[in-house]
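If you scroll down you'll find the structure; I have some questions about it.
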Amino acid sequence: MKLSLLRLIAIFKFFKAVSLIALGVGAFKLVHKDVGGLLEHAVEALRLEPGHHFVEVALAKASNLSPEQIKKLGLGSFLYAGLFFTEGIGLWLRKRWGEWLTVIITGSLIPIEIYETYWHPSWVKAVVLAVNVAIVLYLIYHIRSERPE
């Protein structure tokens, strides 16, 4: 049972890494493009209500992104993907360092997730927060219960 939970957490980390790589590649493809115009086209294609508050805010923010900000987003995505891949590999191989790395990195982000969930609540943020808390608690339990010989 423990092995399968570690592997499940590793798969979750790999999924997050792949998602961030896709985000990073997408960001770098948008560096010298009109992001606001592309988003307007997407709003029309998806038949979203252009006058809706959230759509207007997204369009305004996308229109104001500089190429430098887009590059930073892409680079940050790749860096976090590297961390998630490292965590996933350590967990998949049942390495103690992978368990500790996951506890430290995931645990250090929980206060930010709590803040974001409190001030900008959504069910997605609440689920991600709950999953990450469960991962940290499980790994602490696992590390403490299986002491190295």
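Given 89, 140, 70, 110, which one is in a helix (DSSP H, G or I), over 30 Å from residue 36 (Cα atoms) and in contact with a Leu (Cβ under 8 Å, 6 or more places away or on another chain)?
Selected residue: 110, the only one of 89, 140, 70, 110 that is in a helix (DSSP H, G or I), over 30 Å from residue 36 (Cα atoms) and in contact with a Leu (Cβ under 8 Å, 6 or more places away or on another chain).
Something else about it: Report every pair of residues separated by at least 6 positions or lying on different chains whose Cβ atoms are under 8 Å apart, first residue within segment 40-54 and under 20 Å from residue 64 (Cβ atoms), second open to solvent by 80 Å² or more (accessible area, probe 1.4 Å) and at pLDDT 75 or above.
Between residues of segment 40-54 that are under 20 Å from residue 64 (Cβ atoms) and residues that are open to solvent by 80 Å² or more (accessible area, probe 1.4 Å) and at pLDDT 75 or above, the close pairs are 50/40; 50/44; 50/56.
I've got another one for you. Looking at residue 102 and the list (1) in contact (Cβ under 8 Å) with a residue 60 or more places away in the chain; (2) more than 23 Å from residue 24 (Cβ to Cβ), which single condition is not satisfied?
Here residue 102 clears every test but (2).
Restricting attention to segment 8-59, and to residues there that are closer than 19 Å to residue 89 by Cα and open to solvent by 80 Å² or more (accessible area, probe 1.4 Å), which single residue is farthest from the chain's Cα centre (by Cα)?
8
Considering only segment 91-124, state which residues are open to solvent by 70 Å² or more (accessible area, probe 1.4 Å), more than 16 Å from residue 11 (Cα to Cα) and touching a helix residue (DSSP H, G or I) at 6+ places or on another chain (Cβ under 8 Å).
Matches in segment 91-124: 96, 97, 100, 114.
The values are calculated or read from the model by the stated rules, or taken from the named source; none is laboratory data. Just so it is clear, the model here is predicted, and its values are computed rather than measured. Virtual Cβ from ideal backbone geometry, glycine too; neighbours counted across all protein chains shown. All accessible areas refer to the heavy atoms of the entire protein, side chains included, with ligands and DNA or RNA removed. Shrake-Rupley method; radii C 1.70, N 1.55, O 1.52, S 1.80 Å.
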